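Let me begin by presenting the structure, written as structure tokens, before commenting on it.
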There are 4 protein chains.
Amino acid sequence: MKYTIFGESHGSAIGVVLEGVPPGLALDMTAMAGQLARRAPGKDGLSTARREADEVHVLSGLFEGKTTGAPLCLVIQNSDQHSTDYEALRYTPRPSHGDYAGFIQSKGNLDYRGGGHFSGRLTAPLVAAGAVARQLLAEKNIWVGSHISAIYGISDAALDGVEALRTLADKPFPVLDDGRGEEMRAAILEAKNDGDSVGGSIECAVVGLPAGLGAPDFGRNVEGIFSQYLFAVPAVKAVSFGAGVALSYMRGTEANDPFEIKDGKVVTKTNHAGGVNGGITNGMPVLFEVTLRPTPSIALPQESVDLRTGEEVELEIKGRHDPCVVHRAVPVIEAAAALAACEVLGI
Amino acid sequence: MKYTIFGESHGSAIGVVLEGVPPGLALDMTAMAGQLARRAPGKDGLSTARREADEVHVLSGLFEGKTTGAPLCLVIQNSDQHSTDYEALRYTPRPSHGDYAGFIQSKGNLDYRGGGHFSGRLTAPLVAAGAVARQLLAEKNIWVGSHISAIYGISDAALDGVEALRTLADKPFPVLDDGRGEEMRAAILEAKNDGDSVGGSIECAVVGLPAGLGAPDFGRNVEGIFSQYLFAVPAVKAVSFGAGVALSYMRGTEANDPFEIKDGKVVTKTNHAGGVNGGITNGMPVLFEVTLRPTPSIALPQESVDLRTGEEVELEIKGRHDPCVVHRAVPVIEAAAALAACEVLGI
Amino acid sequence: MKYTIFGESHGSAIGVVLEGVPPGLALDMTAMAGQLARRAPGKDGLSTARREADEVHVLSGLFEGKTTGAPLCLVIQNSDQHSTDYEALRYTPRPSHGDYAGFIQSKGNLDYRGGGHFSGRLTAPLVAAGAVARQLLAEKNIWVGSHISAIYGISDAALDGVEALRTLADKPFPVLDDGRGEEMRAAILEAKNDGDSVGGSIECAVVGLPAGLGAPDFGRNVEGIFSQYLFAVPAVKAVSFGAGVALSYMRGTEANDPFEIKDGKVVTKTNHAGGVNGGITNGMPVLFEVTLRPTPSIALPQESVDLRTGEEVELEIKGRHDPCVVHRAVPVIEAAAALAACEVLGI
Amino acid sequence: MKYTIFGESHGSAIGVVLEGVPPGLALDMTAMAGQLARRAPGKDGLSTARREADEVHVLSGLFEGKTTGAPLCLVIQNSDQHSTDYEALRYTPRPSHGDYAGFIQSKGNLDYRGGGHFSGRLTAPLVAAGAVARQLLAEKNIWVGSHISAIYGISDAALDGVEALRTLADKPFPVLDDGRGEEMRAAILEAKNDGDSVGGSIECAVVGLPAGLGAPDFGRNVEGIFSQYLFAVPAVKAVSFGAGVALSYMRGTEANDPFEIKDGKVVTKTNHAGGVNGGITNGMPVLFEVTLRPTPSIALPQESVDLRTGEEVELEIKGRHDPCVVHRAVPVIEAAAALAACEVLGI
């Protein structure tokens, strides 16, 4: 299954084509809408005021409600665009946004309106594609769950068994410890009030993948496959598996996951390896964490350049922006993980 | 350029096939040997006592010293193998090694001797392939450098400009602050004396890549491409770009990289984005950090299982093992980065 | 540049996503419409009576008339569908059509209406994608031309220099010898009157590709690349290069293309190799011929089976069908060739 | 399963790396040697006098006789090389050989000795790889068989049911009608005596592939997949399926394959489609024919150019060459078909 996302924030539509979808899947459009709703900006002041009616239209690949195996094209119309907000950005790239790199890459033909093809809005079709992947995984009793593990340095409670993630998707702000969640929300609102933004992390588990999938080799190893999907999510700047960066501080005796027999099955007592050894799944949950950078679009003035004159200029960004994308990114990361898991399974 | 590594630790030979090597490159076998020497186990007690004469034989793709464009096959013969050391491991997987996952994946046909295809020894052909990539990059004035950024929680000095990495390759233990390096070495030796091992991190920069390479899309974005190469290196469990995981603790005002004009060129004052915005290079060094787990093979007894009987057993690993792989992994990570940079460049 | 075609004959829309389109191309929508018009069913009785208004809508990847480098999604709405004509075909596959194979592949979920995703209608987005490729080739002075080389055994005049193909695109029935063309048309009409159909061949040249592109190896050789694009065109059952099948009847002295120097350039006096030696372009036109089978949908009764009962049944196909697809396939083959040429060029 | 062939005719060794080989296959080295023996030059005067001891060495991916799933590297040492025969060809390309195209592609760094990487000798590792694929197919009761369908215009008897191909592999000159075979051999010897060469065709069937594999789409359709493997065989210039080029002379009533029920299974009475409809297998044998050009290396003088001076020169090729490669190519085509069938099966 391969996916190709197309569209721009202020174009007529955005969408995704999924190739190689197995035939006969009764596509659950309600579940897909549910995933998109998780990603939609909320009414709680934590997100952009832009309203997005992310209704998915199926252009192809579905017949009488079931997938046919032909390419599945899902399209979402765009609306509620304030393109004029962006005119000032045409030749004045926003620091740490894709504007400058995209300007060079496109040889000056960047659709600069609302982030164009670089917009976080493009994660909507990714979530839609992920909903298809989730359904395929569910047929194999594989599920994906996650929590916000940190925002602006405020950490959620440590994960003690992946089962806790199973029902977290219903929460608008999915954390294990709601008290920490309140602190995180306060940090987001404070940043918003300051015209600033904050970053954070998401810890995610894919539960139920059998042992023995993948290979140590380039192009076939599980961590490489997952990371390629995860880094394709805007704002992701770090991906780690299991104990991740903390392994840099450990000895083998702490880091190694001892084997034991449980219910007649070989399992490990801990999961510091994140379910992957030598590039191959070991039957434990594939557990990883991603770090998302603070939203680059902030209200405070910033230093930029004029790409026409080559002069340094001060930039003030107008328009409606998320002071933090982490909570909205939760279903996006899960979607990317579900697609990665399908590839690992050879779906 | 695609690479395929083959071989097992105790097989007759290991090697790599490189497809799509541009023709006409006068292959610098001395430079390649130099890179392999950096990776070879040292005489300082920090590494395994196994001696490896990593002499590279070119089987194909080279004519009169120059690449022809046909597949380049590089082979290194194996020697100094103590296969009998490993007999006990056949059905008793080492915790956190690829043994168990590999046993399942291979349906019981794993070459268990010395880690087989999962052995760190397989990084020798990767370094050889990377040497080819480095030569191709050098023709475009692009270079790769790195330092050990941490071992067992002992951090090197913070990187203040990538130029400092340029000459570090000549050091046997490449750190910016040699005092910290001594502490790190002490931590490794201490772990060794305890029959244990330690992990660490490497920070690496690819300097000279022009702006505008890559795309935000899956399969084409620069961070995804790099991470696929980096996670194919054994022991790597985390990959981050620029400020990486620290972005989770930052606000936009700290994280954003302000633009300025320097020598008539658009640059950023900081490089928290690690040279990539929106999946596209921005002309700054591509800067990333990888975390390597502690060597899973330790001398202390560990909990394992007997894969024939399904019983829990205690495991004591014999043989010669690295108490830390981080310092030997430096040229390996650089090789992976060089290959990734070639893909980003479309070589 | 990769293309993915989506859609079904009787779905809401058909289309194509092109990834990796170079930025800055001023997309010539008029030329694209012109190519689509060449493919549209004519008013001359040689084609289906179905009217298709193949107007292309650009959903993404274009800004102010120029490509941005982001995925280009082109969509054509469907209309004038007589879906009820097809109800009888749901479980009664048409001989030599994709119905049966598609039924099995889709596990019974085939969109059987009008050929579904297997419909010749899906060649419209292919022609649209090809128009983009043609523009990119034109920038490098490379052009694609072709003629109908045979229909139902009636051969066109032999090609004497590719220049003759340059202006043939303007002809509604592109043959070198119009007298032969009249005979071909008569054969098509005769088959139509008999409730039957006929097959034929198209000879096509890609002119201007430089020498030295490709490789002998799997996945990189020019003939393999072209054939993968050509066999993706419905009804194509044979692909040959240069003298093609006739090489089976030749000696080396006849088949070999002698070298000569012309205008200071190395060329060959003949082009029996079709511009490719050892999988690599030699600077001569890439010349190939494809054979298209007779349209499988014929009015005469045929032997089929009922996929529910497993009984043999007689099938009479209703609806409007082309008695021959060869003349309409000319721009489709050229589109596939243009896309293949782009891949060979590394675009 | 992906294969990469490396090596040059007069290098130290040739070989192949197979990635993604399923684990647990007890590699039948005797069967592999048998396939290589079919390809070896004979003692009957029909082939080159060069002796090739094609002994396969397994460098990796095999443990205790079984595949492990790690890359399988097979190597054949070179010997009996008369490199000096080729010195005259360095700057004087042989017409219709890969010399000129390869010279340009390699920027003048072509290994010109004995055809280098373009040599027919490189089909030995392809046959070895094919032997692995054949074993995997045999486990699923799928087999590959073929006959020489024509040489220099002398046609073999028409194939009447694929069963006849099952035992042909044992024949040194595999034709259905031995009388025709004698005529073909005479034509080859006559060409040899004249210092010339001849071309021909091979018809091949893959029997046992289930219905429903593949898709109509680019990159996934069965004819496209097969043709990519087949055109990677040197000298192949045409590939057709089923009735192939003859479909250009047919009406739908002749070309269509009527369905019937046989032993409770849906089959077709004829197989003009070659087992593929709409890019998907229909359960009938995948039947195709390839045309191989006459050997370009002939003893008669030919017109060439001097690539240094740009002058036209007469070329006389020294050395030992095959007056016809068709009979030796039979196991090579079958190997390519077996590898293609594995890809179609998702192995």
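The values are calculated or read from the model by the stated rules, or taken from the named source; none is laboratory data. Predicted, not measured: the structure shown is a model, and the values here were computed from it. All Cβ positions, glycine included, derive from the backbone under ideal geometry; neighbour counts span all protein chains shown. The protein model used for the area step is the full one, side chains on, heavy atoms only, and it has no ligands, DNA or RNA in it. Shrake-Rupley method; radii C 1.70, N 1.55, O 1.52, S 1.80 Å.
Here are the numbers:
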| read-out | value |
| --- | --- |
| Selected residue (only one of A:Ala101, A:Ala26, A:Ala33, A:Ala13 is touching an Asp or Glu at 6+ places or on another chain (Cβ under 9 Å) and of a type outside the set (Phe, Trp, Tyr)) | A:Ala33 |
| Cβ pairs under 7 Å, 6+ apart, first in region C:18-41 and closer than 19 Å to C:Leu59 by Cβ and modelled with pLDDT of 95 or more, second open to solvent by less than 50 Å² (accessible area, probe 1.4 Å) and of a type in the set (Phe, Trp, Tyr) | C:Leu18/C:Tyr3 |
| Answer residue from region B:133-161, given it is in a strand (DSSP E or B) and of a type in the set (S, T, N, Q) and is nearest to D:Ser60 (Cα to Cα) among those | B:Ser146 |
| Residues (over 19 Å from B:Ser96 (Cβ atoms) and free of Cβ contacts under 8 Å to residues at least 24 places away in the same chain) located in region A:204-248 | A:Phe218, A:Gly219, A:Ser227, A:Phe231 |
| Criterion (outside any loop (DSSP other than H, G, I, E, B), under 20 Å from the mean Cα position of the chain (by Cα), on the phi > 0 side of the Ramachandran plot and in contact (Cβ under 8 Å) with a residue 24 or more places away in the chain) met by exactly one of C:Gly116, C:Gly130 | C:Gly116 |
| Residue tally, condition under 14 Å from A:Glu203 (Cα atoms) and within 14 Å of chain B (Cβ to nearest Cβ), over region A:323-337 | 8 |
| Failed item, numbered, when A:Leu176 is tested on (1) of a type in the set (A, V, I, L, M); (2) part of a loop (DSSP other than H, G, I, E, B); (3) open to solvent by less than 10 Å² (accessible area, probe 1.4 Å) | (3) |
| Selected residue (criterion: farthest from the chain's Cα centre (by Cα)) from residues of region D:149-173 that are buried (at least 20 other Cβ atoms within 10 Å of the Cβ) and over 18 Å from D:Gly274 (Cβ atoms) | D:Ile154 |
| In region B:10-25, residue nearest to the chain's Cα centre (by Cα) [restricted to those that are surrounded by fewer than 24 Cβ atoms within 10 Å (Cβ to Cβ), more than 17 Å from D:Leu74 (Cα to Cα) and more than 7 Å from every other protein chain (Cβ to nearest Cβ)] | B:Gly20 |
| Within region D:304-347, tally of residues that are open to solvent by 20 Å² or more (accessible area, probe 1.4 Å) and assigned to a helix (DSSP H, G or I) | 3 |
| Subset tally (residues that are part of a strand (DSSP E or B) and either at the interface with chain B (Cβ under 7 Å from one of its Cβ atoms) or open to solvent by 40 Å² or more (accessible area, probe 1.4 Å) (or both)) for region A:271-288 | 3 |
| Search result, residues across region B:73-96 that are open to solvent by less than 40 Å² (accessible area, probe 1.4 Å), in contact with a helix residue (DSSP H, G or I) (Cβ under 7 Å, 6 or more places away or on another chain) and not hydroxyl-bearing (Ser, Thr, Tyr) | B:Leu74, B:Ile76, B:Leu89, B:Pro93 |
| Flag if A:Thr268 is buried (at least 18 other Cβ atoms within 10 Å of the Cβ) and within 30 Å of B:Gly252 (Cβ to Cβ) | no |
| Residue count for region D:188-208, restricted to those that are within 12 Å of chain C (Cβ to nearest Cβ) and within 18 Å of D:Val330 (Cα to Cα) | 8 |
| Residue that is farthest from the other protein chains (Cβ to nearest Cβ) [pool: residues in region B:113-128 that are more than 14 Å from A:Ile280 (Cβ to Cβ) and open to solvent by 20 Å² or more (accessible area, probe 1.4 Å)] | B:Gly120 |
| Region D:229-256, subset facing chain C (nearest Cβ under 7 Å) and more than 28 Å from the chain's Cα centre (by Cα), residue surrounded by the fewest Cβ atoms within 10 Å (Cβ to Cβ) | D:Thr253 |
| Condition broken by B:Leu189, with the remaining ones in (1) outside any strand (DSSP E or B); (2) open to solvent by less than 40 Å² (accessible area, probe 1.4 Å) satisfied | (2) |
| Filter result (outside any loop (DSSP other than H, G, I, E, B), facing another protein chain (nearest Cβ under 7 Å) and surrounded by 19 or more Cβ atoms within 10 Å (Cβ to Cβ)) within region A:54-66 | A:Leu59, A:Ser60, A:Phe63 |
| Pairs, first more than 10 Å from every other protein chain (Cβ to nearest Cβ) in region B:293-322, second open to solvent by 20 Å² or more (accessible area, probe 1.4 Å) and basic (Lys, Arg), C-beta under 6 Å, six or more apart | B:Arg320/B:Arg50 |
| Residue within region D:88-109 that is out of contact with any strand residue (DSSP E or B) (no Cβ under 9 Å at 6 or more places or on another chain) and closer than 23 Å to A:Arg220 by Cβ present | no |
